[in-house]
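First the structure, in the form of structure tokens, and then the observations on it.
Just so it is clear, none of the values below were taken in a lab; they were calculated from the coordinates. On a predicted model such as this, the values are computed, not experimentally measured, just so you know. Cβ placement follows ideal geometry from the backbone for every residue including glycine, while neighbour counts extend to all protein chains displayed.
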Amino acid sequence: MDRRRALKSMGLSLGYIVATPTAFSILQSCQKNQKILWIPKFFSNEEGIVIQNLTDLILPTTKNSPGAIDVNVPQFLDLYFKEVESEIKQNYFKKGIQFILIELGGKVNKITIEEYDKLLAKYLKASKEETREFKNNKEENHIYGTLVRLREYSIWAFLTSEKIGEEVLAYDPIPGAQNGCMTVEEATGGKKWSL
């Protein structure tokens, strides 16, 4: 009897040892699918949340393409402002984000997506008359300028990302023959070329 118990114990322990790497790989694959926490290097955490929410609304995920969050546009913008932009533009943008926070009520954890969307609609869908009125108010003018630049930077970062270049746009890493008489529809199925 003791021998049987010993063999059974050894069999079970061997089974656990064999199953452990499989269990760990399953757990790791689940963790890879979760969103990674993003810690901004240039912007504050609050500013990073604002930028993340705004870029997600500017370039949302659709069934045909990934969105700004999927291709790490907020992280790119954070590093771009830290490493590339001049101090004047850095200060301008940070001040604009602060004005945006004030307009949205100040507490980033209480701002809803609807409020972000309303803010974007107010400034980026404004008529010519409304944009002229923004110029009369220093804070509104600054918010308008910041949101326009955020949209421009976001689209630029999105279109130059590797994932968009290789998976969404027409991509040919080794170009072949030049066919000048083809339409874009024939050549790429209507997709723009990735550079």
Cβ-derived FRET efficiency at R0 30 Å, Lys110 paired with Asn137, nearest 0.05: 0.80
Give me D for the range 82-148 in µm² s⁻¹, whole number, from Stokes-Einstein with Rh from the Kirkwood sum over alpha-carbon pairs, 10 °C and 1.306 mPa s. 125 µm²/s
Classify the range 36-132: rounded, prolate or oblate, from the alpha-carbon gyration tensor (a ≥ b ≥ c, eigenvalue square roots; a/c under 1.5 rounded; otherwise prolate if a/b is larger than b/c)? rounded
So if R0 is 22 Å, what FRET efficiency would Leu124 and Lys163 give, r being the distance between their Cβ atoms, rounded to the nearest 0.05? 0.35
Apply the Karplus curve 6.51 cos²θ - 1.76 cosθ + 1.60, θ = phi - 60°, to the phi angles in the range 83-93 and return the couplings in whole Hz, x for Gly and Pro. 9, 10, 5, 5, 4, 4, 5, 4, 5, 4, 5
Tell me, what HN-Hα J-couplings in whole Hz come from the Karplus equation 6.51 cos²θ - 1.76 cosθ + 1.60 at θ = phi - 60° for each residue of the range 121-132, using x for Gly and Pro? 5, 4, 9, 8, 10, 6, 6, 4, 5, 5, 5, 5
Between the modelled labels at Asp117 and Met182 (7 Å from Cα along Cα→Cβ) the distance in nm is 4.0 nm
Non-local amide H neighbours of Leu59 (under 5 Å, H modeled in plane, Pro and chain starts lacking H): which ones? Ala68
Fewest-first ordering of Leu124, Leu57 by Cβ atoms within 10 Å yields Leu124, Leu57
